[in-house]
Ligand SMILES: [Zn+2]
């Protein structure tokens, strides 16, 4: 026999008496849209497991769902577990709302929901998610590489993303730089980036730096980061980023694209004998390889490379998998040939 109460009765009892509590047994997704104020959210499927661990047989529990079906099932389960002080809230949250009883939209639930697929992922879970939320990634360049890496890192919940670029959005960027929209043409790329990334995930901090990375600002920008993503398109800036990462022992994620080909590598400069960009591509004075603006590039190619950069950043932050250290991954997207080329520190490189 299940004791039934009205929504108003449940509200008044739980408001007045210390050891009376409402339990909302709807899913996290439903509770995130609104749940009775001061209610605990335990989805019906978890009642059996959590009741024994977390609930107290001397306490009074009022079960609520949307219309009053799941709450009855919860009461039955509780009774069979030996909890006697349980009540079913008749007509559920529908009735609660129609009586204008107080509700809240719980923040923690929303965060849980946002990252629920990470939480469920074996080998990842809440532990890795926490590491992401306390990480700081600096992305140099809000262009073809920086666009997808910034979007995915923001979506993944990286706590602070600093994005450095001094360009304005141009029409010819939009074929590949998916952070920016047609409306943003003429505005600073970092401003457009901040708008898009904050809209995607308002719970993280986006730090837009409307400057070109140079010898003066590189130390200040890079020393505070946990991981640096090189999304630039010119070698001279790449060398500055590299040398600063060597100096401050930061992991640097490199990518470059050429027509239909992408190259990705990780210089994990936290380790003293890890090779750097100069070991892989020694500097020859004044040499600049051709970039997108001179030879063209298929729009998806930097997209692909940027996503791999984001993936490597997530792996490094959460310490999962095997990062692309000491290896250059070369991907020809025309025929899907992927090669991993091993390289070692260059004895001639004096940047270590
Ligand atoms: Zn080196």
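The values are calculated or read from the model by the stated rules, or taken from the named source; none is laboratory data. Since the model is a prediction, treat every value here as computed from it, not as a measurement. Cβ: placed from backbone, ideal geometry, glycine included. Neighbour counts: every protein chain shown.
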Check your understanding: Yes or no: residue 129 on the phi < 0 side of the Ramachandran plot, assigned by TED's automatic domain parsing to the domain that holds residue 207 and surrounded by fewer than 19 Cβ atoms within 10 Å (Cβ to Cβ)?
Key -> no
Revision key, fill the gap. Among residues of segment 336-352 being surrounded by 10 or more Cβ atoms within 10 Å (Cβ to Cβ) and in a strand (DSSP E or B), the residue farthest from the ligand (Cβ to nearest atom) is 337
Review point. Of the numbered conditions (1) over 12 Å from the mean Cα position of the chain (by Cα); (2) part of a helix (DSSP H, G or I); (3) surrounded by 11 or more Cβ atoms within 10 Å (Cβ to Cβ), residue 108 satisfies every one except a single condition; which is it?
Key: (3)
Check your understanding: Among the helices (runs of 4 or more DSSP H) confined wholly to segment 1-99, which include 2 or more residues that are within 37 Å of the chain's Cα centre (by Cα) and without any contact (Cβ under 8 Å) to a residue 24 or more places away in the chain?
Key -> 47-54
Practice item. Report yes if residue 48 is touching a helix residue (DSSP H, G or I) at 6+ places or on another chain (Cβ under 9 Å), on the phi > 0 side of the Ramachandran plot and modelled with pLDDT under 95, otherwise no. Key: no
Exercise for review: Scan (1) surrounded by 15 or more Cβ atoms within 10 Å (Cβ to Cβ); (2) closer than 30 Å to residue 153 by Cβ for the single condition residue 61 breaks and write down its number.
Suggested key: (2)
Check your understanding: Is it the case that segment 205-218 has a residue that's more than 19 Å from residue 253 (Cα to Cα), surrounded by 15 or more Cβ atoms within 10 Å (Cβ to Cβ), in contact (Cβ under 8 Å) with a residue 40 or more places away in the chain and within 14 Å of the chain's Cα centre (by Cα)?
Key -> yes
Study note, to complete from the structure: Here, helices (runs of 4 or more DSSP H) confined to segment 230-327 with at least 3 residues that are within 16 Å of the ligand (Cβ to nearest atom) and either at pLDDT below 95 or touching a helix residue (DSSP H, G or I) at 6+ places or on another chain (Cβ under 8 Å) (or both) are 235-248, 277-280
